[in-house]
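Down below is the structure, laid out as structure tokens.
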Amino acid sequence: MPETMKYDPFKQYNKISNVPSFFSRTLAFLLDISILGFTVFAPVTSFAQKLVPNADYTSAYQYFTQNDKVANVITVVMLFVFVLVMLYFILLEYFIGQTAGKRFMNLKVVSVDGERPKFWQCVVRNIVLLPVFPFVIFWVLDPLYLLFSKRRLSEQLSRTRTVIVEERSLLDN
């Protein structure tokens, strides 16, 4: 191929108009968290309130430190919640390229070659959701990186990007 006619796999995704705004990405994430709030967090909170007799923080802390079985149950439930949150983002982005929030905001996740992201890429881009050290550092770094570079740091690491879906058909995933 001549030098001037090189194939550019990013051509459709490198347009300035195809880079989602910080606002649309944030709104998509907040919509996803709201969905998870109703389907996962609310039932777990209701369950946890039944385990703890008093609602204030000091009483709950004392209750957990004095009752190992209850603390163990809460720990297992919280691990289950974080697994569900991770599965929501990872599986939806892997299978259809969008979470519900991204779909509502007309956003989609693609690999840097413009194809559907691989499973490992979806895991890496969403590992920042884990509430354990060192991943909690990304809770600050990822949005800051996004503000200055128009991409999340986790997208850079996972070799993915979030793009605006310009046209959508009924058959489009």
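Computed from the coordinates by the stated procedures, all read-outs in this text should not be read as laboratory data. Keep in mind it's a predicted model, so treat the numbers as computed, not measured. Positions of Cβ are backbone-derived with ideal geometry, glycine not excepted, and every protein chain shown enters the neighbour counts.
Numbers for the structure displayed
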item	result
Computed FRET value (nearest 0.05) for residue 34 with residue 144, which takes r as the C-beta separation and R₀ as 30 Å	0.80
Label-point gap, in nm, between residue 79 and residue 157 - each point 7 angstrom along Cα→Cβ	2.2
Distance-filtered residues of the range 68-85 - backbone nitrogen under 14 Å, label point 7 angstrom along residue 47 Cα→Cβ	70-85
Potential extension, residue 23-residue 59 segment - 0.36 nm per residue separation minus Cα distance	9.0 nm
³J(HN,Hα), Karplus 6.51/-1.76/1.60, whole Hz, each residue of the range 114-124, x for Gly, Pro	x, 8, 4, x, 6, 4, 4, 5, 5, 5, 5
Placed amide H near residue 107: partners under 5 Å, 5+ positions off or other chain	165
Residue-by-residue Karplus 3J(HN,Hα) for the range 150-160, coefficients 6.51, -1.76, 1.60, Hz, glycine and proline x	6, 9, 6, 4, 5, 5, 4, 5, 8, 6, 10
